[in-house]
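The values are calculated or read from the model by the stated rules, or taken from the named source; none is laboratory data. All figures in this text were calculated on a predicted structure; none of them were measured in a lab. With ideal geometry, Cβ positions are generated from the backbone for all residues, glycine too; neighbour counts draw on all protein chains shown.
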Amino acid sequence: SALVATTANTQPLTIDSQGNRIAPRGSARANQVGGVEDALSEFDTQFSSLFGYNTTDRPRNVGPGNPFNPQQFKAVDANAQAALSKRLATGTIVTARTTTVYSRNNVLSPGVGRSVPSDYTLALELQATQPLMRGRGTLVNRIPVVLARINEDIQLHDFEANVRNLVKSVEDAYWDLYCGYRALETAQGARDSALNLWRVAADRFRIGAEGSGPEAEAQARALYKQFEAQIHTTFYGSTIPGNDPRGLYGREQVLREKMGWSPTDSRMIRPSDEPSEARVHFDWCDVHSEALLRSVELRKQKWAIKSAQLEMMSAKNQLLPQLDVTTFYRWLGVGDQLAAAHSNGIRFPNAGSNALDELVGGQYQELGMRLEYTPQAIGSRRALAGIRNRQMQLVKLQEEMREKEVFVTDNLTTAWRNMESTFISIKDYRDQLQAQTDEIKIYNDQIGSGTNALGQLADLLLRAEERKSRSQLQYYQAICEYNKSITNIHYWKGSLLDLNAIALGEGSWTDKAYWDAEERSRERAGGLYFDYGYTRPGVISNGPVVTGGQTEGNISDPGAEFQSTNQGTPVPAVPLPEDDSDKQDDKDRPELAPPTAGKLTNRQRLTSNDSLRFGEATSARLSDRSDAQNYRDPQALPAIVTSSGRGQPTTLRPSNVNWQRR
């Protein structure tokens with residue numbers, strides 16, 4: 001094949017001097033192809049034209065009186081060419097070309113040397129060049145197009161991964177903000193309890209009650225100041241080790257940044273949804289299989305492996321010699337004039353003839369054939385090195401695929417374990433909180449009865465309040481981490497976008513593309529079966545990936561069925577196995593009412609009935625129970641959310657937010 005570039009011009013050449021389309025040189029590489037349209041442009045019809053004009057005026061080394069070659073030779077020559085050339089999918093290059101040549105010189109005419117002083121030559125040619133070995137067939141010639149499409153699919157997977165990461169970061173920021181409000185509520189409740197105890201101790205010390213002293217008042221005041229400082233830290237954050245570095249305002253700012261809002265606008269976001277405390281159960285085999293099938297990273301790696309396999313095919317094709325056969329057919333017409341308005345019937349070389357009449361008359365026709373054979377350089381060093389390089393790249397990608405599968409499985413296992421551990425932590429911290437609430441109630445009753453051991457009771461009460469504050473904060477943190485761990489499982493098994501009713505689609509292609517694909521599919525289906533045979537071109541993709549009622553890929557794929565994601569599939573209730581270790585006597589224990597978001601602050605709020613809904617589950621919350629005994633009954637547990645995810649889709653609407661003035 002001809003060179004596709006020169007040292008003077010780095011732009012790739014598309015045609016040769018005869019207007020023939022030039023086939024690309026070398027094996028196809030994924031990092032050298034552009035988009036699909038760029039790859040398809042190699043098969044577009046290329047038009048080319050040229051025009052040349054030159055004069056000759058020079059003496060010649062001949063004797064005088066030569067009728068064929070005068071001593072002072074003068075001539076005018078011109079030529080024009082126009083061609084249409086197209087490269088077919090089989091590798092064939094077909095060209096239709098017309099050539100016009102004009103010649104005039106001072107050779108005596110009419111006479112022995114020339115019949116007429118000038119002449120025109122018209123030629124119409126049809127040429128076809130077919131590679132017989134290297135570059136033959138649709139399998140090899142369509143590789144750049146398929147590589148370009150695979151590159152687009154890889155970029156689409158990168159976009160999907162970015163959307164998935166954004167959704168996860170928004171949901172994590174949402175639960176972090178919820179936890180920040182709960183931390184503020186906990187600190188406010190502990191401060192109010194310390195303030196009441198401080199007032200009681202101060203009043204008893206002021207009236208000189210027996211058993212009271214300045215140490216009890218100072219201890220209560222110190223604890224009050226401690227919780228007051230904790231409230232300030234909860235609001236604004238603190239870089240002092242052991243404190244929350246972001247605080248409530250920082251968590252809210254993170255959520256704003258994830259949603260693309262301004263850092264502050266004199267209003268503050270308050271989460272309206274309560275996190276789920278329902279026991280979520282996933283079947284490990286289903287989750288693991290789904291992760292290996294739907295993980296964005298694994299699907300992207302599979303496309304990279306398919307791309308390397310196609311590069312391997314192209315590299316192996318370069319081992320073949322370049323054996324091309326070229327045939328052409330030409331019609332000629334020569335005349336004294338180029339064309340005339342009407343045919344006069346005069347034939348060349350008579351004066352008054354025209355070349356166009358001679359051409360369309362079809363009297364002069366020519367046929368030619370050429371066979372070109374160019375093998376690889378002796379030893380085929382470059383071709384073999386290219387194949388070896390592709391083999392190493394393919395093995396590397398396959399090993400990366402195995403490592404990524406292990407990585408996804410490891411992270412899915414970690415997410416599973418975190419979900420189970422945080423659910424157990426919720427129960428443990430809830431029991432601690434209930435026990436500490438009972439302890440505080442006992443101390444308050446003893447203080448209210450007017451006992452003389454106020455100093456000792458105050459010390460015990462202050463310590464109990466501090467432990468309760470810590471357990472309550474850990475309880476809320478465990479709830480938030482539990483919901484985040486559920487999200488993390490969906491993240492690693494590739495269903496996070498389905499969980500939040502987010503679907504990605506691609507615009508439709510032209511109808512011709514679908515017709516061609518259907519025709520190729522019917523050809524493969526109608527072929528004869530041979531043992532140890534194979535199909536060319538092979539199947540690159542088995543179609544769109546079904547994800548949560550919608551297909552990932554082209555939204556207008558023939559045969560693809562799309563379902564509405566407005567409502568999820570109901571999940572049947574499945575009772576949990578009875579846990580004897582969780583049973584205890586709760587008849588005399590006061591109910592621990594779930595806190596509400598309305599207790600968080602007394603600042604002025606804007607009136608709004610909308611809510612920022614994120615993380616709603618179809619199952620009921622465990623905290624929404626009528627009494628502790630029904631909660632302990634396994635038959636009274638809410639429905640288990642299975643690996644299919646949440647039934648109701650979630651919405652994230654910037655206008656639907658509960659606001660609070662800063």
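Report the residue count in region 52-68 for those that are outside any strand (DSSP E or B) and either surrounded by 14 or more Cβ atoms within 10 Å (Cβ to Cβ) or touching a residue at least 12 places away in the same chain (Cβ under 8 Å) (or both). Please lay out each step first, then the result.
From region 52-68, those outside any strand (DSSP E or B) are 60-68; that's our starting set.
From what's left, either surrounded by 14 or more Cβ atoms within 10 Å (Cβ to Cβ) or touching a residue at least 12 places away in the same chain (Cβ under 8 Å) (or both): 60, 67-68.
The qualifying residues number 3.
Do we find that ILE440 is touching a residue at least 12 places away in the same chain (Cβ under 8 Å) and crowded, with 18+ Cβ neighbours inside 10 Å in this structure?
So ILE440 does not fit the description; no.
Hey, can you tell me all the residues within region 32-50 that are of a type in the set (Val, Ile, Thr) and farther than 17 Å from ILE15 by Cα? Talk me through it step by step, then tell me what you get.
Step one: list which residues in region 32-50 are of a type in the set (Val, Ile, Thr), which gives 33, 36, 45.
If the condition is that a residue be of a type in the set (Val, Ile, Thr) and farther than 17 Å from ILE15 by Cα, then VAL33, VAL36 are the ones that fit.
Contact list please: Cβ distance under 6 Å, first residue in region 281-304 and in the same structural domain as ALA415 (by TED's automatic domain parsing) and within 19 Å of MET419 (Cβ to Cβ), second residue of a type in the set (Val, Ile, Thr) and assigned to a helix (DSSP H, G or I), pairs at least six apart or on different chains.
ALA291/VAL408; SER295/VAL408
Give me the pairs: first residue in region 103-116 and under 12 Å from LYS74 (Cβ atoms), second residue of a type in the set (A, V, I, L, M, F, W, C), beta-carbon distance under 6 Å, and six or more apart or on different chains, which are they?
ARG104/VAL76; ASN105/ALA75
Here are some conditions: (1) among the aliphatic types (A, V, I, L, M); (2) touching a strand residue (DSSP E or B) at 6+ places or on another chain (Cβ under 7 Å); (3) free of Cβ contacts under 8 Å to residues at least 24 places away in the same chain. ILE346 meets all but one. Which one does it not meet?
All conditions pass for ILE346, except number (2).
When both residues are 6+ apart or on different chains and their Cβ atoms are under 9 Å apart, which pairs have a first residue that lies in region 71-85 and is within 19 Å of THR55 (Cα to Cα) and without any contact (Cβ under 8 Å) to a residue 24 or more places away in the chain, and a second that is of a type in the set (A, V, I, L, M, F, W, C) and surrounded by fewer than 15 Cβ atoms within 10 Å (Cβ to Cβ)?
From residues that are within 19 Å of THR55 (Cα to Cα) and without any contact (Cβ under 8 Å) to a residue 24 or more places away in the chain, the pairs are GLN71/VAL62.
Please verify whether region 92-106 includes one or more residues that are closer than 30 Å to ASN354 by Cβ, part of a loop (DSSP other than H, G, I, E, B) and at pLDDT below 95.
yes
Within region 130-160, restricting attention to residues that are over 28 Å from the mean Cα position of the chain (by Cα) and surrounded by fewer than 18 Cβ atoms within 10 Å (Cβ to Cβ), which residue is farthest from THR326 (Cα to Cα)?
Step by step, filter region 130-160, then rank; the result is THR138.
Output the residues belonging to region 354-368 that are more than 15 Å from VAL101 (Cα to Cα) and assigned to a helix (DSSP H, G or I).
ASP357, VAL360, GLY361
Got a number for residues in region 27-45 being among the charged types (D, E, K, R), surrounded by 12 or more Cβ atoms within 10 Å (Cβ to Cβ) and assigned to a helix (DSSP H, G or I)?
2
Got a sec? Which of SER307, SER314, SER276 is in contact (Cβ under 8 Å) with a residue 40 or more places away in the chain, in a loop (DSSP other than H, G, I, E, B) and buried (at least 16 other Cβ atoms within 10 Å of the Cβ)?
The conditions single out SER276.
Just a yes or no: is a residue in region 207-229 closer than 16 Å to GLN477 by Cα and assigned by TED's automatic domain parsing to the domain that holds LEU497?
Within region 207-229 (the criterion being closer than 16 Å to GLN477 by Cα and assigned by TED's automatic domain parsing to the domain that holds LEU497), the answer is no, since none of the residues qualifies.
Which residues, counting only those in region 497-525, are in contact (Cβ under 8 Å) with a residue 40 or more places away in the chain, exposed (fewer than 15 other Cβ atoms within 10 Å of the Cβ) and in a loop (DSSP other than H, G, I, E, B)?
GLY507, SER508, TRP509
Report yes if some residue within region 277-297 is more than 18 Å from THR413 (Cα to Cα) and over 30 Å from the mean Cα position of the chain (by Cα); otherwise report no.
Checked region 277-297: at least one residue is more than 18 Å from THR413 (Cα to Cα) and over 30 Å from the mean Cα position of the chain (by Cα).
Given the condition closer than 30 Å to ALA30 by Cβ, in contact with a Lys or Arg (Cβ under 8 Å, 6 or more places away or on another chain) and in the same structural domain as HIS281 (by TED's automatic domain parsing), answer yes or no: does some residue in region 407-428 qualify?
Scanning region 407-428 turns up at least one residue that is closer than 30 Å to ALA30 by Cβ, in contact with a Lys or Arg (Cβ under 8 Å, 6 or more places away or on another chain) and in the same structural domain as HIS281 (by TED's automatic domain parsing).
Please work out which residue is surrounded by the most Cβ atoms within 10 Å (Cβ to Cβ), limiting yourself to region 69-91 and to residues that are outside any strand (DSSP E or B) and small (Gly, Ala, Ser).
GLY91
Within region 492-520, can you find the residues that are over 28 Å from GLU290 (Cα atoms) and not charged (D, E, K, R)?
TRP509, THR510, ALA513, TYR514, TRP515, ALA517
Among the listed residues SER41, SER115, SER85, SER109, identify the single one that is farther than 22 Å from THR327 by Cα and under 40 Å from the mean Cα position of the chain (by Cα). Break it down stepwise before answering.
Numbers: SER115 fails: under 40 Å from the mean Cα position of the chain (by Cα); SER85 fails: farther than 22 Å from THR327 by Cα; SER109 fails: under 40 Å from the mean Cα position of the chain (by Cα).
So the residue among SER41, SER115, SER85, SER109 that is farther than 22 Å from THR327 by Cα and under 40 Å from the mean Cα position of the chain (by Cα) is SER41.
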